[in-house]
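Working notes, beginning with the structure itself.
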Amino acid sequence: MQTEQEFDGGIRPAVFGKLICIGRNYAQHAAEMQATVPDEPMIFLKPSSAVIGDGGEVVLPAKSKEVHHEVELVAMIGRTGKNIPVGEALDYVASYAVGLDMTARDLQAAAKKKGEPWTVAKGFDTFAPLGPLVPAAEVEDPHHLTIRLLINGEVRQQGTTADMIFSVAELISYFSQIFTLYPGDLLFTGTPDGVGPVAEGDRLEAQIEGFPPLRVTVRR
């Protein structure tokens, strides 16, 4: 786990552990990617160095010519847990936030073609923007939230967490069978359809109803 540090885009300190992410957790997103719906969660990881905060900048890497936005509900773990039952899983969440899983789509496509991992496509610095944290006690039901992304004021993604294939509770339980979950771990829960490219100068605003928004800009 990282030592306490200033959180980019704000002055509050934050400590994060591992970033556990899920692919294809919305059926319509799987369809737009011309991919099948998985029978069990499709896991990948991002480094904690990818996290930036509200007001930060997403930096487009020289290695990629096509970086896409993916808006997501993020859950931060607050208790250590292993082999967590689904019925108890939400008790392990300390807070929620809206986040972005930025993806170098051209690098991901090349990796898929070769049967290689997605780590490079997902793991660049600034590729995990994270909004202000909302205490879990203030979120009545994480499985019925409207989620959207605006670029330069125009809605590009809009959906509801009710359409997740695997619920937040199911994901936590599943992840905990593989990794011991520790306080500060961030779980990115997948994106609805409507993903697409971003360009230098774009202003992104990620929203989940009842949450403070996440606003970042894009630069080369």
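The values are calculated or read from the model by the stated rules, or taken from the named source; none is laboratory data. Here the structure is a predicted model, which means the values were calculated and not measured. As a convention, Cβ positions derive from the backbone with ideal geometry for all residues, glycine included, and neighbour counts pool all protein chains shown.
Do we have S64 as in contact with a Pro (Cβ under 8 Å, 6 or more places away or on another chain) and either modelled with pLDDT of 95 or more or not in a loop (DSSP other than H, G, I, E, B) (or both) here? No, not satisfied.
Here's a check for you: in the range 197-219, which residue that is small (G, A, S) and more than 15 Å from the chain's Cα centre (by Cα) is farthest from L107 (Cα to Cα)?
Filtering first and then ranking leaves G210.
Going by the structure shown, is F179 among the aromatic types (F, W, Y) and surrounded by fewer than 17 Cβ atoms within 10 Å (Cβ to Cβ)? The answer is yes for F179.
State whether the residues of the range 187-198 include one that is among the aliphatic types (A, V, I, L, M), in contact (Cβ under 8 Å) with a residue 60 or more places away in the chain, within 24 Å of V15 (Cβ to Cβ) and out of contact with any His (no Cβ under 7 Å at 6 or more places or on another chain). Yes; the residues of the range 187-198 include at least one that is among the aliphatic types (A, V, I, L, M), in contact (Cβ under 8 Å) with a residue 60 or more places away in the chain, within 24 Å of V15 (Cβ to Cβ) and out of contact with any His (no Cβ under 7 Å at 6 or more places or on another chain). Scanning the range 118-157 for residues that are over 23 Å from I43 (Cα atoms) and of a type in the set (S, T, N, Q), we see that the one that is surrounded by the most Cβ atoms within 10 Å (Cβ to Cβ) is T146. Scanning the range 176-188 for residues that are hydrophobic (A, V, I, L, M, F, W, C) and farther than 20 Å from L130 by Cα yields I178, F179.
Within the range 173-214, being charged (D, E, K, R) and under 20 Å from G56 (Cβ atoms) holds for E200, D202, R203, E205. Taking (1) over 22 Å from L90 (Cα atoms); (2) surrounded by 21 or more Cβ atoms within 10 Å (Cβ to Cβ) in turn, G194 satisfies each apart from (2). Inspection of the range 95-104 identifies no residue that is assigned to a loop (DSSP other than H, G, I, E, B), touching a helix residue (DSSP H, G or I) at 6+ places or on another chain (Cβ under 7 Å), buried (at least 16 other Cβ atoms within 10 Å of the Cβ) and among the hydroxyl-bearing types (S, T, Y).
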